[in-house]
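The values are calculated or read from the model by the stated rules, or taken from the named source; none is laboratory data. Model, not experiment: these values are computed from the prediction. Reconstructed Cβ throughout: ideal geometry from the backbone, glycine too, with neighbour counts over all protein chains shown.
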Amino acid sequence: MPNLLRIVKDEDLSYNIPKMKNWTLGTVSAKIMDFIWQKEASRIGDVKAGLKERFAYTTIATLVGRLLQRGFLERKHKGQGYIYNSALSKDEFFKHQSQVALNDLFKKNKSAGLIISQFVDNLEKADPQKLKELQKLIQKKLKP
């Protein structure tokens, strides 16, 4: 039986997304990114107003600045301020996160087969149609 597990290498993760050393988002930074992913172009005041929790304008400005420095955001000068956009889509972010998590899981865990088995069992219970889609994907990947 062919080995269905493939360790994701760093070069596999370079699919036209910014190079970032740290892909981890804190709680508030994640909320800021969620807001910007939904609204696309946003000013800091828009982000502050759009969050459920109340934070000082300076707190949001600091976190947006850090997200900009880390490569999560881009900005354009408009009027007297800046408009911030995401440098990558939410799907690109989660694709990268899931690939890194799986890579770490398979590197550090000798029971990867058991983990995959549990995943398949849970998928079968939660969404049998998704399990069929996974089966088709695996069959497609196994074809020479």
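Some points to look at:
- Of the numbered criteria (1) assigned to a helix (DSSP H, G or I); (2) more than 30 Å from I44 (Cα to Cα); (3) modelled with pLDDT under 90, the one N122 fails is (3).
- Residue that is surrounded by the most Cβ atoms within 10 Å (Cβ to Cβ) [pool: residues in segment 38-58 that are without any contact (Cβ under 8 Å) to a residue 12 or more places away in the chain and assigned to a helix (DSSP H, G or I)]: D46
- Scan of segment 66-80 for residues that are loosely packed, with under 15 Cβ neighbours inside 10 Å and either modelled with pLDDT under 90 or not in a strand (DSSP E or B) (or both), ordered by number: R66, Q69, G79, Q80
- Any chance D104 is of a type in the set (D, E) and modelled with pLDDT under 90: yes
- Qualifying residue in segment 87-102 (condition: over 19 Å from W23 (Cα atoms) and surrounded by fewer than 16 Cβ atoms within 10 Å (Cβ to Cβ)): no
- Lone unmet requirement of (1) assigned to a helix (DSSP H, G or I); (2) among the β-branched types (V, I, T); (3) surrounded by 15 or more Cβ atoms within 10 Å (Cβ to Cβ) for I83: (1)
- Answer from K125, K140, K130, K110 - the residue that is surrounded by 11 or more Cβ atoms within 10 Å (Cβ to Cβ) and of a type in the set (K, R): K130
- Restricting attention to segment 1-30 and to residues that are in contact with a helix residue (DSSP H, G or I) (Cβ under 9 Å, 6 or more places away or on another chain) and basic (K, R), the residue that is modelled with the lowest pLDDT turns out to be R6.
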